[in-house]
Every structure is written in structure tokens, then in C-alpha cells.
Amino acid sequence: MNLSPHFTLDELTITDHRTLDNTPNASEIENGKRLAALLELVKNAVGGKPVMINSAFRSKAVNDAVDSSDGSQHRKFCAADLRVP
């Protein structure tokens, strides 16, 4: 599922903790669409270079596994850790 022209749901929910469910609910997906729109602006700002997502959405189980705070914006699909090679 595309959340924006260059970012997919799979790309923004990938995790190294593949045994844990990392599926966002409907309202989280709506947040993910807004996040993807912001990431499109980042992609434009860096001249179209690849924007590599290290982490975006995290379910409670995944967030606990990475020892992150329950208040993390990743839990709401409102944050992304990224890099531009």
C-alpha cells in the first residue's frame, strides 16, 4: 500500500523484530499518510536523493522490544528515523 508517491506502508512498518506484529490500525495509518507527505518534502529538499527509513511506526510490542518510551511518537506513526546516503 502506498502512503505517498515514494513511501509505502511496508517500508514504514518494517522491523528487525519480525516475529512481533507491527500492524498499524486505521487511525495510525492516517497518521502514516501525513508522515509520508512530510517525508516527500524531505525528499524534495534533498534534491530527490533516496530517503532511507530506519524506523517509523512501532507497535507496542516492537516499541517495548527496542526499549523505547511508551510516549514515543513512533507509537502513533508520527515519527521517523531516517538517513540520506
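Observations
- Unique residue being farther than 16 Å from Ser4 by Cα, touching a residue at least 40 places away in the same chain (Cβ under 8 Å) and either of a type in the set (Asp, Glu) or in contact with a helix residue (DSSP H, G or I) (Cβ under 7 Å, 6 or more places away or on another chain) (or both) when the list is Asp21, Asp67: Asp21
- For region 24-42, a residue qualifies if it is free of Cβ contacts under 8 Å to residues at least 40 places away in the same chain and closer than 16 Å to Lys60 by Cα, and the qualifying residues are Asn25, Ala26, Ser27.
- The residue that is least open to solvent (accessible area, probe 1.4 Å), counting only those in region 2-20 that are over 17 Å from Asp81 (Cβ atoms) and over 13 Å from the mean Cα position of the chain (by Cα), is Leu20.
- Within region 21-80, being part of a loop (DSSP other than H, G, I, E, B), open to solvent by less than 60 Å² (accessible area, probe 1.4 Å), under 17 Å from Thr8 (Cα atoms) and hydrophobic (A, V, I, L, M, F, W, C) holds for Val51, Ala56, Phe57, Phe77, Ala79, Ala80.
- Filtered residues of region 32-59 (kept if touching a helix residue (DSSP H, G or I) at 6+ places or on another chain (Cβ under 7 Å) and over 14 Å from His6 (Cα atoms)): Ser55, Ala56, Phe57, Arg58
The values are calculated or read from the model by the stated rules, or taken from the named source; none is laboratory data. Because the structure is a prediction, the values reported are computed rather than measured. Note: ideal-geometry Cβ built from the backbone for every residue, glycine included; neighbour counts use all protein chains shown. Side chains included, ligands, DNA and RNA excluded: accessible areas come from the protein's heavy atoms. Shrake-Rupley method; radii C 1.70, N 1.55, O 1.52, S 1.80 Å.
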